[in-house]
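Visitor: Pasting a structure here, questions to come.
The values are calculated or read from the model by the stated rules, or taken from the named source; none is laboratory data. Just so it is clear, the model here is predicted, and its values are computed rather than measured. Cβ coordinates were reconstructed from backbone atoms using ideal geometry, including for glycine residues, and neighbour counts include every protein chain displayed. Calculation scope for accessible area: heavy atoms of the full protein, side chains included, ligands and nucleic acids excluded. Shrake-Rupley method; radii C 1.70, N 1.55, O 1.52, S 1.80 Å.
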Amino acid sequence: MYLPHSLPPLQPSGLLADTPLQRTLREQQTLLDSAGAGIVFMRQRVVVRCNQRYAEIFGYEAPEQLAGLGSESFYPDREAFRELGRDAYPAMSQGQTYRVERQMRRRNGDLFWGHLTGRLINPQDTAEGSIWILDDIDDHKQAQAQLSAALREKQALFDHAMVGIVFLRDRHLTRCNRHFEQMLGYGPGELATSPSRRWYASDAQWEEVGRRCYPVLAAGLSFEGEIEMCRKDGTAVVCEVRSKLIDAADPSEGSIWITMDITERKQTQAALALAHERLEQQVQDRTRELRETVDSLHSEIRDRKADQERIYWLAHYDALTGLPNRTLLGERAEHAIRLARESGTPLAVVFLDLDHFKHVNDSLGHRVGDALLVEIARRLRAVVREKDTVCRLGGDEFVLLLPGANAHGAARVAGKLQEASRQYYQIDHHELTMAPSMGIALFPGDGEDFDTLTQSADVAMYQAKLDGRNTFRFFTPEMQAQSVRALQLENALRRALERDQLRMHYQPQMDLTTGRVHSVEALLRWHHPQLGTISPAEFIPIAEDSGQILPIGEWVLRTALQQLKAWRDRGFADLSMAVNLSAIQFRQPQLPEMVSQILAEMELPSDALELELTEGVAVDDPHTAAATMNQLHARGVRLSMDDFGTGYSSLSQLKRFQIFKLKIDQSFVRDLGNDGNDRAIVSAIIRMAQALGMRTTAEGVETESQLAFLREQGCDEAQGYHFSTPLPAPELETFMRRRLA
Ligand SMILES: Nc1nc2c(ncn2[C@@H]2O[C@H](COP(=O)(O)O[C@H]3[C@@H](O)[C@H](n4cnc5c(=O)[nH]c(N)nc54)O[C@@H]3COP(=O)(O)O)[C@@H](O)[C@H]2O)c(=O)[nH]1
């Protein structure tokens with residue numbers, strides 16, 4: 001090809017006629033100018049001519065600017081230029097077209113990739129020059145380089161990804177990376193074309209995975225989930241899987257699966273969950289233990305508090321009745337006395353002792369006794385004011401502290417207590433009455449401190465007992481002396497039996513029809529070497545209070561019956577013996593048995609004995625009294641009601657008690673001559689006894705006129721100084737013999 005250096009401008013048609021050569025040249029020039037590639041004609045490595053594109057590629061405005069330029073300037077450096085020459089000319093010299101991609105240099109120095117196609121005009125003569133076609137492939141080259149780099153990166157990613165990547169088509173593996181194979185324990189390429197079933201443990205699992213994933217993929221969505229696969233060695237591997245169709249529009253293109261072995265993570269998670277669960281359990285256990293510890297601490301504190309309260313309570317209150325005890329009373333009294341002293345107000349202490357309470361315990365048992373005390377405590381509390389203190393000292397002794405109460409107020413309280421005690425206490429089936437004897441001491445006259453006041457009230461209470469019980473007395477200095485005497489007697493009485501200081505005297509009871517001694521009453525006498533002769537009226541209550549009446553009473557019964565036996569044996573065959581029985585003795589459950597035993601010892605019939613009871617025996621517990629009387633009656637022992645008329649016996653009770661004889665109290669007999677009332681009473685008693693089939697004995701008959709009245713009224717027997725005072729046995733025997741003569 002011939003390339004003119006430059007072509008003459010084209011003439012308008014008609015001005016210059018084209019020669020064929022010129023037309024050819026123009027056509028070639030047009031062809032060259034419109035070619036997309038750069039074309040250059042080189043001779044001796046210098047540009048002879050080039051087209052517009054070639055100039056543009058190297059950054060020139062016009063081809064003419066390149067004419068005469070050495071071709072070395074088109075290459076990055078001389079070496080690159082020479083290398084091309086070394087490479088191209090041997091081939092081109094053989095008439096071959098030389099093609100190469102080389103880096104070249106633009107006019108401004110920038111390098112670019114060009115595709116060179118060169119050919120010698122005359123292979124036999126390189127001097128004729130060469131034609132080169134240059135394509136600027138820099139953009140293409142760069143795009144290719146980027147593509148290659150991207151492909152390399154992707155391949156690197158694929159090869160070195162830390163996740164398994166699998167391409168499946170129709171659930172068959174088309175490609176996977178090494179990680180996937182390693183994850184499942186396979187060698188390189190071992191899984192090629194395998195069905196995905198291969199990495200599942202069973203058909204069922206594989207199908208189940210298909211049912212979970214493919215509907216999602218078919219909907220154009222990504223599947224994300226956990227799938228359990230199976231390694232080559234059969235062990236399970238849990239994978240986190242993400243999957244997507246390669247072409248959502250064409251499922252046949254297959255799908256890509258990115259899998260990550262999370263077995264360890266799952267195990268760790270499971271272990272963590274287990275550890276968490278255990279920790280949680282431990283926390284719960286510790287919390288529970290802590291709660292239990294706290295609870296037990298609380299309960300211990302509560303228990304201790306309760307114990308302390310209980311200890312305080314036990315130290316300050318009476319366990320049976322719940323009333324304050326002596327300690328608390330002492331504390332309150334101290335406080336009340338201080339206040340009374342400061343304010344000049346009065347204060348009273350009442351000492352209360354229940355009459356014959358001991359007999360309830362002895363005859364009905366402690367359970368009944370305790371229940372009775374509880375009820376009594378309730379009544380006592382109900383009688384007094386809120387600010388008063390009712391204390392149980394122990395046994396049947398109570399102390400009432402009445403701040404602000406003077407003599408009048410204390411007497412009112414004592415009266416109310418008496419009133420309250422008149423009502424029956426219903427304990428089980430027992431109807432019990434329990435009268436109190438009370439002593440009152442007033443602050444400051446009877447004592448300036450609690451102990452002295454209590455002592456004074458106690459002495460006054462004792463006096464109330466001596467004065468017949470069921471009453472109250474104010475303390476007086478004289479009582480103190482009496483109290484000292486009572487204590488003296490009590491101590492002396494303890495030795496009286498063993499020191500043989502007791503004797504029996506006997507007083508005849510005369511049959512008013514026959515005028516003979518029908519029976520004798522045994523009356524106890526005590527002669528003390530220092531204290532002298534002491535009246536039974538004084539020492540019997542002391543013996544009762546101290547409990548000594550029981551051994552003394554038994555001694556009296558035995559001695560009297562022994563004497564009776566002696567008299568009977570000495571000719572007084574029909575004589576009977578009347579023995580006084582204290583209410584305390586009467587309440588002894590063993591009494592009937594003891595009486596029978598002594599009678600048997602003495603070989604005496606039961607009706608030889610007459611037991612004189614006072615009305616008081618039945619006051620506290622009529623039911624039990626009746627039962628005891630029944631037992632004695634059943635054994636044949638006769639019972640007489642002593643001092644009749646002074647107590648509270650009712651007619652119905654008399655009948656129930658199976659009383660054999662009523663002894664008309666000497667207080668009615670004494671004034672028969674002067675007192676019409678006494679006459680009426682005595683007469684009524686005799687009529688009533690007759691109506692009930694009982695005998696009567698009048699006590700304390702001292703005069704003939706008394707005797708005449710009694711005889712006139714139909715009294716059966718009489719006893720008194722008119723016939724004889726109580727006498728020692730020998731003297732009474734003399735008396736009886738005289739009467740027989
Ligand atoms: N539980 C027991 N009580 C007994 C016993 N012995 C006596 N006693 C009781 O003591 C009280 C005082 O008795 P006593 O001092 O013996 O007085 C009795 C008689 O001596 C007295 N009496 C008799 N006749 C007359 C009289 O004409 N005038 C008068 N002024 N006094 C007289 O009466 C007492 C007899 O009382 P009583 O028993 O009610 O028949 C006294 O209560 C005795 O019961 C005993 O062993 N156990």
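Visitor: Would you please name the GluC sites (Glu not before Pro) within segment 57-140 that are DSSP coil residues with at most 12 other C-beta atoms within 10 Å of their C-beta?
Guide: Hits after loop and neighbour filter: E61.
Visitor: Among the GluC sites (Glu not before Pro) within segment 494-550, which fall in a DSSP loop and have no more than 10 other Cβ atoms within 10 Å of their own Cβ?
Guide: E498
Visitor: What is the extension gain from Y89 to I301, computed as 0.36 nm multiplied by their sequence separation minus the C-alpha to C-alpha distance, in nm to one decimal?
Guide: Working it through step by step, the gained length comes to 65.0 nm.
Visitor: A further question follows. What is the Rg over Rh value, at two decimals, for the chain, using alpha-carbon atoms and the Kirkwood definition of Rh?
Guide: When Rh is taken as the Kirkwood radius, the ratio is 1.79.
Visitor: For segment 161-266, what is the largest minus smallest coordinate of the Cα atoms on each principal axis, given in angstrom and ordered from greatest to least?
Guide: Computed over the Cα atoms, the extents are 37, 27, 26 Å.
Visitor: Efficiency by 1/(1 + (r/R0)^6): what FRET value for E253 and L279, r their Cβ-Cβ distance, R0 = 30 Å, to the nearest 0.05?
Guide: According to the calculation, E is roughly 0.05.
Visitor: With a point put 7 Å past each Cα toward its Cβ, work out how far H527 is from N122 in nm, to one decimal.
Guide: So the label points at H527 and N122 sit 20.0 nm apart.
Visitor: Distance check, please: which entries in K387/K416; K565/K655; K232/K266; K358/K465 exceed 23 angstrom between their Cα atoms?
Guide: Check vs 23 Å cut-off fails for K565/K655.
Visitor: Nearest-5 percent of antiparallel DSSP beta bridges in segment 418-576?
Guide: 80 percent
Visitor: Just to verify a number: FRET efficiency for D233 and E208, C-beta to C-beta distance, R0 = 22 Å, to 0.05?
Guide: Efficiency for this residue pair is about 0.50.
Visitor: Here's a follow-up. Just going by the charge dipole of the chain, with Lys and Arg at +1 and Asp and Glu at -1 on Cβ, which of A236, Q269, W567 is farthest out on the positive end?
Guide: Selected residue: A236.
Visitor: Further question: How far, in nm, would the chain grow between R99 and E603 when pulled straight, counting 0.36 nm per residue and subtracting the alpha carbon separation?
Guide: Full extension from R99 to E603 adds 164.5 nm.
Visitor: Starting from the 7 Å offset along Cα-to-Cβ, what nm value, one decimal, do you get for the label separation of A201 and R495?
Guide: Between A201 and R495, the label points sit 10.7 nm apart.
Visitor: Got a sec? Charge dipole of the chain, +1 on Cβ for Lys and Arg, -1 for Asp and Glu; which of L400, I39, L323 is way out at the positive end?
Guide: With unit charges placed on the Cβ atoms, the residue in question is I39.
Visitor: If you don't mind, there's one more thing I want to ask. At R0 = 51 Å, how high is the FRET efficiency between L314 and T293 if r is their beta carbon distance? Nearest 0.05 is fine.
Guide: Efficiency for this residue pair is about 0.95.
Visitor: Turning to a different aspect of this structure: Taking the Cβ of G673 as the centre, find all other residues whose Cβ is under 12 Å away and add up their charges (Lys, Arg: +1; Asp, Glu: -1).
Guide: -3
Visitor: Turning to a different aspect of this structure: Test of understanding: extend the Cα→C-beta vector of D170 to 7 Å, then name every residue of segment 241-269 with backbone N under 15 Å from that spot.
Guide: The answer is 251-255.
Visitor: Would you work out the charge dipole size for the chain about its Cα centre, treating the Cβ of every Lys and Arg as +1 and the Cβ of every Asp and Glu as -1, and quote it to the nearest 20 debye?
Guide: 1400 debye
Visitor: Relative contact order for the chain: what is it in percent, counting Cα pairs under 8 Å that are at least 6 residues apart?
Guide: 6 percent
Visitor: Sticking with this one: Keeping every protein chain present and rolling a 1.4 Å probe, give me the accessible area per residue for the chain in Å².
Guide: 51 Å²
Visitor: For the chain, take the longest principal axis of its alpha carbons; what is the angle in degrees between that and the long axis of helix 78-93, to the nearest 10 within 0 to 90?
Guide: With both axes taken from Cα atoms, the answer is about 60 degrees.
Visitor: Over all alpha-carbon pairs in segment 28-184, figure out the percentage whose distance exceeds 25 Å.
Guide: Of the Cα pairs, 45 percent sit more than 25 Å apart.
Visitor: Which residues does the label zone of E702 cover in segment 501-523, counting backbone N under 19 Å from a point 7 Å along Cα→Cβ?
Guide: Backbone N within reach: 507-510.
Visitor: Then there's this: Using the charge dipole of the chain (Lys, Arg: +1 at Cβ; Asp, Glu: -1 at Cβ; taken about the Cα centre), state which of L290, P529, G439 has its Cα farthest towards the positive end.
Guide: L290
Visitor: Within the chain, what percent of beta bridges assigned by DSSP are antiparallel, to the nearest 5?
Guide: Approximately 80 percent, going by the DSSP bridge assignments.
Visitor: Which whole-number percent gives the relative contact order of segment 90-194, counting Cα pairs below 8 Å spaced six or more residues apart?
Guide: Relative contact order here is 15 percent.
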